[in-house]
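So the structure is just underneath, and the comments pick up after that.
The values are calculated or read from the model by the stated rules, or taken from the named source; none is laboratory data. All values reported here derive from a predicted model rather than from experimental measurement. Cβ atoms come from the backbone with ideal geometry, glycine included; neighbour counts cover every protein chain shown. Keep in mind that these areas ignore ligands, DNA and RNA; they rest on the heavy atoms of the full protein, side chains included. Shrake-Rupley method; radii C 1.70, N 1.55, O 1.52, S 1.80 Å.
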Amino acid sequence: MKIKSFTPLIAVFGTSFLITITLLKSFQIFMGISICLLAMLKLMDIEAFGTSYKKYDLISSKFNGWIYIYPFCELLIGISFLNSSPPSLIIFIALILGISGMISVFKAVYLDKLKLNCACIGGYAKTPLGIISFIENLLMAIMSVLICLLYTSDAADEGLGVDLGGRRII
């Protein structure tokens with residue numbers, strides 16, 4: 001495995017990290033910036049992204065149009081993470097996509113033993129699909145859960161309720 005194949009990921013997460021510490025912001029902001037940059041790389045050539053992505057993604061293997069929808073969903077999630085109080089529906093979508101992505105990567109890499117390139121940074125990259133892809137999806141899911149916990153906890157501290165998609169919590 002060559003380090004050069006990870007250069008785009010290092011650039012994305014390194015840039016996101018530097019922006020975050022420059023702005024003195026939180027991990028939520030770091031995730032928002034990172035997800036927006038990853039979405040941007042996919043949007044640069046959706047066709048190339050889609051060709052690579054549908055080789056392992058469980059949703060796009062059943063629904064061809066998903067390759068055109070996913071990058072925009074990811075961009076919306078990233079922008080929402082940059083918001084101090086992201087909309088609950090978007091956080092729920094991020095959780096579902098994170099879990100779905102983890103399952104897809106795990107199945108492709110560890111069960112089916114496929115040797116594929118990750119579509120996470122666009123369709124032309126030679127970054128191998130594996131633990132990095134799994135962690136990217138895991139972080140999206142964890143960030144979603146943390147945001148839900150943070151906002152329900154803040155509401156409890158203030159004696160307020162939080163509306164998570166029509167259900168009042170706390």
Search result, residues across region 43-60 that are open to solvent by less than 70 Å² (accessible area, probe 1.4 Å) and over 21 Å from PHE106 (Cα atoms): LEU43, ASP45, ILE46, ALA48
Scope region 87-141; condition of a type outside the set (Val, Ile, Thr), outside any helix (DSSP H, G or I) and within 19 Å of PHE13 (Cα to Cα); matching residues: ASN117, CYS118, ALA119, CYS120, GLY122, GLY123, TYR124, ALA125, LYS126, PRO128, LEU129, GLY130
Of residues in region 6-42 being of a type in the set (Val, Ile, Thr) and modelled with pLDDT of 80 or more, the one surrounded by the fewest Cβ atoms within 10 Å (Cβ to Cβ): THR15
Checklist (1) open to solvent by less than 50 Å² (accessible area, probe 1.4 Å); (2) of a type in the set (Phe, Trp, Tyr); (3) over 28 Å from ILE19 (Cα atoms) applied to PHE63, failing item: (1)
Close pairs (8 angstrom Cβ cut-off, 6 or more residues apart or separate chains): within 8 Å of GLY122 (Cα to Cα) in region 44-58, modelled with pLDDT of 90 or more anywhere: ILE46/ILE67; ILE46/TYR68; ILE46/PRO71; PHE49/ILE67; PHE49/PRO71
Enumeration of residues in region 66-86 that are open to solvent by less than 70 Å² (accessible area, probe 1.4 Å), within 13 Å of MET143 (Cα to Cα) and in a helix (DSSP H, G or I): ILE77, GLY78, SER80, PHE81
